[in-house]
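Encoded as structure tokens, the structure appears first; notes follow it.
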Amino acid sequence: MDPLLRKLDLNLLKVFDLLYDTGSVSDTANLLCISQSAASHSLRRLRLVLDDPLFVNSRQGMSPTKLAQQLMPGIRQALATLQHSLNFDHDFQPAASRRCFTLYASEYVELLLLPPLLTLLRQQAPHCSLEVRRLQNRIPAAELEQGSADLAISYAGCFELHPNLCQEALLQEELCCVLDAADALAADQLDLPAYLALPHIYPAPWGDSSNLVDAWLARQGQQRCIRLSTQNYLAAALALPGSGALLTMPRRLAQAMGAWLPLRILPAPPGLPGFTLEILSARQFHASAPNRWLRACLQQVAASL
């Protein structure tokens, strides 16, 4: 055996894999259900074995070094191959399985679908666990193909579909306008001039300005005034009270947040398009029993909303 392999074990590689995605030692420790000191110790061991810092502090968290970036594809593929070898699909029984499923999803999915999905998993697969990774401004095609992720939930038409991925419609959603319930706006419907007259709060989870609303406005030669840009819908909704601003967001999510925040929900201006969520899976795993079961769970949860 190679001397380097003798110094490594599977747990070190799992720490490396998660730290690469989370950029946080504490988040990595939480996902692995170990202490932060144990995760830090694993990172120190990796640094000694590979003679490289691997991850360095930055504004975005722990950022990978050049060597870590070079190692990542091979390590992730090796972990995926091992996991796939250990998951005997023909023997998959949800009630007895202890499999950890990995799902890429947006904040919308995390806030709206995860609570009922976790309840369903508790009923059907009490020993299974779920790891959710944030969907960024790309489809995680490589992760799905390599088996390091089981599914991704994306916005239909938002990205170019990879030829080796299967797509399956999950739910359709419309947008709505949300204001502070105390605002003195008398209208029950906002036309486009009234919509543009108000300042807006814009959640930008991908850190850029590309979004459905502004693309629709641009096609009409219009532009809204952004008073505040946040990283997620939750922060945007919490900022609404007293702001005098308007938030455009998915209706189901607005209704869920309206149960515990003083919000007023109005229809969106006529013509503002909604979106469709779709499930993405790798073609080579699409027919496997665990993959089919998890997709069925997601469809059951979406149908109940």
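General observations
- So L238, is it surrounded by fewer than 17 Cβ atoms within 10 Å (Cβ to Cβ) and either modelled with pLDDT of 90 or more or in contact with a Ser or Thr (Cβ under 9 Å, 6 or more places away or on another chain) (or both): yes
- Of everything in segment 152-183 that is crowded, with 19+ Cβ neighbours inside 10 Å and charged (D, E, K, R), the residue that is modelled with the lowest pLDDT is D180.
- Within segment 145-163, tally of residues that are of a type outside the set (S, T, Y), touching a Lys or Arg at 6+ places or on another chain (Cβ under 8 Å) and within 17 Å of R292 (Cα to Cα): 2
- Tally, over segment 247-288, of residues that are at pLDDT 90 or above, small (G, A, S) and either more than 19 Å from L212 (Cβ to Cβ) or touching a strand residue (DSSP E or B) at 6+ places or on another chain (Cβ under 7 Å) (or both): 6
- Residues (in contact with a Pro (Cβ under 8 Å, 6 or more places away or on another chain) and either at pLDDT below 90 or among the acidic types (D, E) (or both)) located in segment 107-122: E107
- Of the criteria (1) assigned by TED's automatic domain parsing to the domain that holds A187; (2) without any contact (Cβ under 8 Å) to a residue 12 or more places away in the chain, which one R292 fails: (1)
- Selected residue [hydroxyl-bearing (S, T, Y), within 21 Å of R133 (Cβ to Cβ) and out of contact with any strand residue (DSSP E or B) (no Cβ under 9 Å at 6 or more places or on another chain)] from S35, S26: S26
- Strands (runs of 3 or more DSSP E) enclosed by segment 198-291 - at least 1 residues per element that are within 25 Å of P116 (Cα to Cα) and of a type outside the set (G, A, S): 199-203, 246-250, 263-267, 275-282
- Of all residues in segment 52-103 being among the acidic types (D, E) and modelled with pLDDT under 90, the one that is farthest from S148 (Cα to Cα): D91
- When we screen L31, L19, L111 for residues that are under 25 Å from S154 (Cα atoms) and in the same structural domain as W293 (by TED's automatic domain parsing), the only hit is L111.
- Hits in segment 184-197 (condition: assigned to a loop (DSSP other than H, G, I, E, B) and surrounded by fewer than 16 Cβ atoms within 10 Å (Cβ to Cβ)): A184, L185, A186, A187, D188, Q189, D191
The values are calculated or read from the model by the stated rules, or taken from the named source; none is laboratory data. All of these numbers come straight from a predicted model, not from anything done at the bench. Using ideal geometry, Cβ is built from the backbone for each residue, glycine included, and neighbour counts are taken over all protein chains shown.
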